[in-house]
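Asks: For reference, the structure I am asking about is given below.
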């Protein structure tokens, strides 16, 4: 699975390819928002632009999907390495810095530490679900979905009666 390395939080989080970066972060308890974003974020529509992340150099090339039209419009005056977490889908392992607009005490030291650890690539596709085994009904050798005998019928008033009709 792709791994998202959250530099500020010093955490690596696995996700499935194609998962939304914002949803993964929130699911894992990673704080994406500053005060303004906590008080009034748009819920992932790209309108409030409060879920900034910075894609850190040294991560996989093209780890996130292309910039969306919303991002092209909303991030015009922001650094090119910034993305909106709500608009980015994770395709490969990536390193991100949450809340890049807020200072990070030892930014260079933290980035060096994050880059020094290998970033696993992970698979690039969702796992295949296991095939469901067909169960046979022991009464007549019919599969359960073929329905051997109806165990009950419906009464005139809409209730369900036992098979013997009482």
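Asks: Looking at segment 65-79, can you tell me whether even one residue there is under 21 Å from residue 33 (Cβ atoms), part of a helix (DSSP H, G or I) and free of Cβ contacts under 8 Å to residues at least 12 places away in the same chain?
Replies: yes
Asks: Continuing with the same structure: Only one of these is more than 20 Å from the chain's Cα centre (by Cα), modelled with pLDDT of 90 or more and surrounded by fewer than 19 Cβ atoms within 10 Å (Cβ to Cβ): 76, 36. Name it.
Replies: On the way: 36 fails: modelled with pLDDT of 90 or more.
That would be 76, the only listed residue that is more than 20 Å from the chain's Cα centre (by Cα), modelled with pLDDT of 90 or more and surrounded by fewer than 19 Cβ atoms within 10 Å (Cβ to Cβ).
Asks: Here is a further query. Can you name the residue in segment 42-66 that is buried (at least 17 other Cβ atoms within 10 Å of the Cβ) and farther than 21 Å from residue 8 by Cα and is also modelled with the highest pLDDT among such residues?
Replies: Taking the candidates together, the pick is 48.
Asks: Across segment 13-39, what is the total count of residues that are outside any loop (DSSP other than H, G, I, E, B), touching a strand residue (DSSP E or B) at 6+ places or on another chain (Cβ under 7 Å) and free of Cβ contacts under 8 Å to residues at least 40 places away in the same chain?
Replies: Number of matching residues: 1.
Asks: In this structure, does residue 8 turn out to be in a loop (DSSP other than H, G, I, E, B) and either loosely packed, with under 14 Cβ neighbours inside 10 Å or touching a residue at least 40 places away in the same chain (Cβ under 8 Å) (or both)? Let's see the steps before the verdict.
Replies: On the way: in a loop (DSSP other than H, G, I, E, B): yes; either loosely packed, with under 14 Cβ neighbours inside 10 Å or touching a residue at least 40 places away in the same chain (Cβ under 8 Å) (or both): yes.
Here the answer is yes, as residue 8 does meet what is asked.
Asks: Could I ask something else about it? Go through segment 99-115 and report how many residues are outside any loop (DSSP other than H, G, I, E, B), in contact (Cβ under 8 Å) with a residue 12 or more places away in the chain and more than 18 Å from residue 12 (Cβ to Cβ).
Replies: 0
The values are calculated or read from the model by the stated rules, or taken from the named source; none is laboratory data. The structure displayed is predicted, hence computed values, not measured ones. Here Cβ is always computed from backbone atoms with ideal geometry, including for glycine, and neighbour counts include all displayed protein chains.
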